[in-house]
Amino acid sequence: MSPLFGRKTHAHDDAPQAAVPPAAPVPIETPLTEPPPPAVPLDDAAVLAAEIAQLDALPLAQLAVEVMVKGFGPDGPGGPGTPGTIEAPSLDAPRVGLAEIARSVSPAYAGHGVSQELQLRFTTLVAEGLQILENASLVRITWHGGVENYLATRLGRTAVERGAVERVVAGGDL
């Protein structure tokens, strides 16, 4: 019989069907304890807003230290030996722009739910730190394709290595 309408449609519909044994019931396992609640993801927008407040409260020399160490220190995108740096010059290397430096200062910069307004407020502070570093000759700007990119100078590298960024920014020697 046709399963949809209850009438015969083919000659083989009258053929005896082999008996199919009923399926064994599948045991339902119950956990002994309740599963832990799912982890609540950190709100990247709230994290970035807090970091904006912290950076904004810093004296300019300390803001410059944060940007220099995180952007051009050993783990930064402009760190020693990365392609395009003074230690590894390359014409086709990825450039280190404001956005890359901002991401190194705060991973929340490019996080979920972060508005363009928060990103702009954050990059404005990072750019201010970069200007201070440039005026102290710790970084220099290069232009590629109409976009500014940043490169640590030899003085900048040495200042990071010696922990002397704030002293050099204030006009002191290494």
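Name the single residue, out of those in segment 95-109 being among the small types (G, A, S) and free of Cβ contacts under 8 Å to residues at least 40 places away in the same chain, that is nearest to A57 (Cα to Cα). So, considering only residues that are among the small types (G, A, S) and free of Cβ contacts under 8 Å to residues at least 40 places away in the same chain, the one nearest to A57 (Cα to Cα) is A102. Whether a residue is of a type in the set (G, A, S) and crowded, with 19+ Cβ neighbours inside 10 Å was assessed, and G76 passes this test.
Determine, yes or no, whether S106 is loosely packed, with under 13 Cβ neighbours inside 10 Å, polar (S, T, N, Q) and within 19 Å of the chain's Cα centre (by Cα). The answer is no for S106. Taken residue by residue, segment 74-96 has at least one member that is more than 18 Å from N149 (Cβ to Cβ) and either at pLDDT 95 or above or under 18 Å from the mean Cα position of the chain (by Cα) (or both).
Inspection of segment 130-143 identifies at least one residue that is of a type outside the set (S, T, Y), within 22 Å of A49 (Cα to Cα) and crowded, with 17+ Cβ neighbours inside 10 Å.
Within segment 101-113, none of the residues are β-branched (V, I, T), touching a helix residue (DSSP H, G or I) at 6+ places or on another chain (Cβ under 8 Å) and in a loop (DSSP other than H, G, I, E, B). Tell me whether segment 43-53 contains one or more residues that are part of a loop (DSSP other than H, G, I, E, B), within 23 Å of the chain's Cα centre (by Cα) and either under 22 Å from E166 (Cβ atoms) or at pLDDT 95 or above (or both). No: segment 43-53 contains no residue that is part of a loop (DSSP other than H, G, I, E, B), within 23 Å of the chain's Cα centre (by Cα) and either under 22 Å from E166 (Cβ atoms) or at pLDDT 95 or above (or both).
The values are calculated or read from the model by the stated rules, or taken from the named source; none is laboratory data. As the structure is a computational prediction, the values presented were derived from the model and not from experiment. Ideal geometry is used to build each Cβ from the backbone, glycine not excepted, and the neighbour counts take in all protein chains shown.
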